[in-house]
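Below: the structure, in structure tokens.
The values are calculated or read from the model by the stated rules, or taken from the named source; none is laboratory data. Since the structure is predicted, the reported quantities are computational estimates derived from the model, not experimental observations. Note: ideal-geometry Cβ built from the backbone for every residue, glycine included; neighbour counts use all protein chains shown.
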Amino acid sequence: MTQSLLDRRRVLGPAYRLFYAEPLHLVRGKGVELFDADGRRYLDAYNNVPVLGHAHPAVVEALARQASLLNTHTRYLHDAVLDYAERLVATFPDPLIRAMFTCSGSEANDLALRIAMTATGGNGVIVTANAYHGVTALLAAMSPSLGLPTAPTVRTVPPPDSYRGQGDVGAAFGRSVAAAVADMRRAGIGVAALLVDTTFASDGLFFDPVDHLDEAVAAVRAAGGLFIADEVQGGFGRSGRMWSFLRHSLVPDLVTLGKPMGNGHPIGGVVTRGDLLDIFGARSRYFNTFGGNTVSAAVGLAVLETIQSEDLPGHAARLGEQLSERLSSLRGHPSVGDIRGTGLYRGIELVTDRETREPATDLAKAVTDDMARNGVLIGVCGGASNVLKIRPPLAFQAAHVEELVEALDKSLSRCAGAQSRER
Ligand code: PMP
């Protein structure tokens with residue numbers, strides 16, 4: 001083990017996990033490129049936090065300007081947080097007219113749940129089987145992907161799996177959610193919310209068909225519960241629309257935001273209906289020391305303005321089509337079971353056998369490690385960790401698509417060859 005790995009273990013402890021068999025020591029980023037301590041360049045096809053690209057000048061400038069002037073909290077009047085909130089809520093359909101700010105996606109989900117629990121009087125929450133929603137004790141107990149027991153008030157349902165699911169995926173998802181509602185009722189638990197990542201990222205990335213949430217949301221609302229769309233991963237243009245829920249004809253009751261919101265600066269938020277915040281505000285108080293601070297608001301505004309002025313959702317939609325077309329050329333690899341996605345969010349599900357659809361977990365790990373070794377960063381997701389996850393900064397361009405797909409092609413061949421030699 002190298003000294004820096006040993007130092008990490010000693011001082012940070014073992015709960016932090018590193019990416020890749022040969023961990024990267026990155027020192028600099030620009031646009032969609034990252035550079036390690038030896039000056040080696042990597043194409044970043046994984047990180048969605050730097051949505052505009054690493055070290056984007058508009059963000060650096062807004063941050064430095066506001067930090068040199070004033071950084072304080074939401075207990076004083078300041079235009080920055082208002083300007084940002086106005087601009088942000090204007091990107092949402094009615095009746096989502098109000099915003100509150102946090103420092104992370106976890107805090108956003110935590111706040112959304114407090115609002116939902118206050119408004120409904122229930123505390124039951126439905127999540128998907130391999131969901132991840134955050135780091136707090138409340139959210140860890142409704143993030144089955146962590147492998148910890150879920151809370152007694154939480155019910156899990158299989159995601160709307162367009163690859164392995166049989167028949168009408170949306171109807172099956174709706175039936176599972178209705179059964180979870182019935183089970184809560186039997187246990188005397190009031191339904192507060194259906195909380196889903198509208199891209200189902202940690203479940204393996206499921207986007208289609210576009211009405212696959214309708215029946216589930218109807219079942220929860222019929223029981224008095226609310227629909228919380230977790231846009232922490234899918235939000236801010238990646239899907240080809242500003243919000244990934246917009247692909248569906250549904251309007252959530254609450255939307256939670258994070259990751260790309262500050263292009264790397266820690267900001268999160270909740271956008272919701274006016275009446276829900278009226279109820280919450282009448283019964284509760286909310287002060288988040290750093291959430292919505294002056295610098296964060298200036299950064300958030302710079303990120304949003306750049307997304308809008310550069311039409312990054314449109315770019316994600318157009319380049320996403322090209323990416324989808326080029327990824328199709330990988331279907332010749334026998335391990336490629338399914339390729340799916342929207343905009344600049346794509347998953348490639350690897351299987352050991354296309355008939356049985358047995359997840360190729362080891363191969364997915366080998367491919368991501370091999371790609372990194374060869375200078376292109378991607379990730380994996382899904383309950384069986386067999387879905388290659390492609391989620392680049394939206395500054396990605398056509399030449400990067402070519403570089404990514406060529407690297408994938410080579411890695412899939414190399415790793416499948418190595419695995420068959422091992423057998
Ligand atoms: N929701 C989803 C869907 C996420 O992917 C994450 C982070 N991986 C979170 C919530 C939590 O966000 P954060 O790490 O900013 O607290």
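Summary of values
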quantity: All positions within the stretch 1-58 that are of a type in the set (D, E, K, R) and either touching a residue at least 60 places away in the same chain (Cβ under 8 Å) or more than 27 Å from Gly237 (Cβ to Cβ) (or both); calculated: Asp7, Arg8, Arg9, Arg10, Arg17, Glu22, Asp36, Asp38, Arg40, Arg41, Asp44
quantity: Residue check for Phe227: modelled with pLDDT of 95 or more, crowded, with 22+ Cβ neighbours inside 10 Å and on the phi > 0 side of the Ramachandran plot; calculated: no
quantity: Helices (runs of 4 or more DSSP H) lying entirely in the stretch 45-126 (those with 3 or more residues that are under 30 Å from Ala399 (Cβ atoms)); calculated: 57-67
quantity: Condition check for Val210: β-branched (Val, Ile, Thr), assigned to a loop (DSSP other than H, G, I, E, B), within 16 Å of the ligand (Cβ to nearest atom) and surrounded by fewer than 24 Cβ atoms within 10 Å (Cβ to Cβ); calculated: no
quantity: The stretch 256-292, subset more than 12 Å from the ligand (Cβ to nearest atom) and among the basic types (Lys, Arg), residue surrounded by the fewest Cβ atoms within 10 Å (Cβ to Cβ); calculated: Arg285
quantity: Neighbours by Cβ (under 6 Å, 6+ apart or cross-chain): first from the stretch 183-204, outside the structural domain of Gly337 (by TED's automatic domain parsing) and on the phi > 0 side of the Ramachandran plot; second surrounded by 24 or more Cβ atoms within 10 Å (Cβ to Cβ) and among the aromatic types (Phe, Trp, Tyr); calculated: Phe200/Phe206
quantity: Verdict on Arg175 being in the same structural domain as Pro209 (by TED's automatic domain parsing) and in a loop (DSSP other than H, G, I, E, B); calculated: no
quantity: Checking Met184 against (1) surrounded by 22 or more Cβ atoms within 10 Å (Cβ to Cβ); (2) within 16 Å of the ligand (Cβ to nearest atom); (3) not small (Gly, Ala, Ser), the condition it does not meet; calculated: (2)
quantity: Some residue of the stretch 160-168 being more than 16 Å from the ligand (Cβ to nearest atom), touching a helix residue (DSSP H, G or I) at 6+ places or on another chain (Cβ under 9 Å), part of a loop (DSSP other than H, G, I, E, B) and at pLDDT below 95; calculated: yes
quantity: Qualifying residues in the stretch 128-144 (those that are among the polar types (S, T, N, Q) and surrounded by 19 or more Cβ atoms within 10 Å (Cβ to Cβ)) - the one nearest to the ligand (Cβ to nearest atom); calculated: Ser143
quantity: Given (1) among the hydrophobic types (A, V, I, L, M, F, W, C); (2) touching a helix residue (DSSP H, G or I) at 6+ places or on another chain (Cβ under 6 Å); (3) not in a loop (DSSP other than H, G, I, E, B), number of the condition Ala384 does not satisfy; calculated: (3)
